[in-house]
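As structure tokens, the structure follows; a few thoughts come after it.
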Amino acid sequence: MNRRHFFGLCAAAGVGACSSQPEPEPEPSPVRMKLAMSVRVAESFSNKKESSMTIDELIDTAKSNGYRALCMRASTAGTHSPAETVSEYAAKIRAAGLAVSMVTGDFAIPMNNDDGPQCLRNITPYLDLAAVFGADLIRVCMKKEEDIAWAQRSCDEAQERSIRLAHQAHDASIFETVDGSVDVLKKIDRENFGIIYEPANWMIADEPYGRAAIEKVRPWIFNVYVQNHRLNPAGETAVNTWKRGPVRVDHIGLWEDGGVEFERVFAALRAIGYEGYVTVHQAFEGVMTVDEAVRKSAAYLSQLIAR
């Protein structure tokens, strides 16, 4: 067969048929988590009721630093807010091209006090709030075994509106330990109830928070919160845990050493194929400027996500 004949056959059969090299397999699409910014960045650690930034400032800060969503809390808008205010804020967020990843509708939930579980006794206003913001996830609070039945009822109502509920991995709650969280999640037994994985709180409670812990709660991870603390007996803030009692911590940037080992955390999240929101959930007011903290957090998280 001469050269002209060979190429004639290739043209008739298609170039690929005569290629000596196999077609390369398409590379799998990389896992892409999405960055969200909690409005908590403008709160102080001790004061969850006031924000140092307006909704316009929060939107501009998130947008200019590459965040794709805001995580809304009562310090900015909640079930106590006038309906027209909630609608106005929701319209502004949408106009900026941002989503709302989750809503925390009142002050008692993040304060994790005895009133926190009251949201589950009447979930309707929280569902209404989420619906206006276009969010499909609501953070709730649970302190006792009796809250499980109320969580089930709330989930059933939320399911009718395609909305999910989640509880943060949180000290002094029934989600303070990994195994305790799994036990509660299994008892609730609702597809629209999950956990907000948050490694710093499990670290403070002397719980495992890395690969093994993530694997245990993998089916229920609806959101990921990130904040960073360093255990320090002379630390600036006291935190009370049920497991180990009171501890003191310093609040540090996500990128600083001595706290959560985020390299391990994100390697595990990538390994399980997590593609949901990673929410910067740290209260920076009084620690460093919000602009600096939000910018550095986004840069640090982006490189962890992209690996």
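A few notes on this one:
- Given (1) within 21 Å of K34 (Cα to Cα); (2) outside any loop (DSSP other than H, G, I, E, B), index of the condition Y274 fails: (2)
- Options E292, E256; residue that is part of a helix (DSSP H, G or I), more than 17 Å from the chain's Cα centre (by Cα) and without any contact (Cβ under 8 Å) to a residue 40 or more places away in the chain: E292
- Scope the range 51-88; condition assigned to a loop (DSSP other than H, G, I, E, B) and closer than 13 Å to A131 by Cα; matching residues: G78, T79
- In the range 215-236, of all residues being among the hydrophobic types (A, V, I, L, M, F, W, C) and under 22 Å from E256 (Cβ atoms), the one that is nearest to the chain's Cα centre (by Cα) corresponds to V224.
- The range 59-84, subset of a type in the set (A, V, I, L, M) and within 17 Å of the chain's Cα centre (by Cα), residue farthest from F107 (Cα to Cα): A62
- Test: residue in the range 207-218 that is closer than 15 Å to H229 by Cβ and among the hydroxyl-bearing types (S, T, Y): yes
- All of V249, V287 fail the test of being over 16 Å from the mean Cα position of the chain (by Cα) and surrounded by fewer than 20 Cβ atoms within 10 Å (Cβ to Cβ), apart from V287.
- Some residue of the range 189-202 being surrounded by 14 or more Cβ atoms within 10 Å (Cβ to Cβ), touching a residue at least 12 places away in the same chain (Cβ under 8 Å), among the charged types (D, E, K, R) and outside any helix (DSSP H, G or I): yes
- Leading residue by the ranking (nearest to the chain's Cα centre (by Cα)) among those in the range 148-170 that are touching a residue at least 12 places away in the same chain (Cβ under 8 Å) and farther than 16 Å from P117 by Cβ: A169
Just so you know, all these numbers are worked out from the coordinates, no wet-lab data involved. Small disclaimer: the values here were computed from a predicted structure and weren't measured. Don't worry about glycine lacking a Cβ; one is built from the backbone with ideal geometry, like all the others, and counts go over all protein chains shown.
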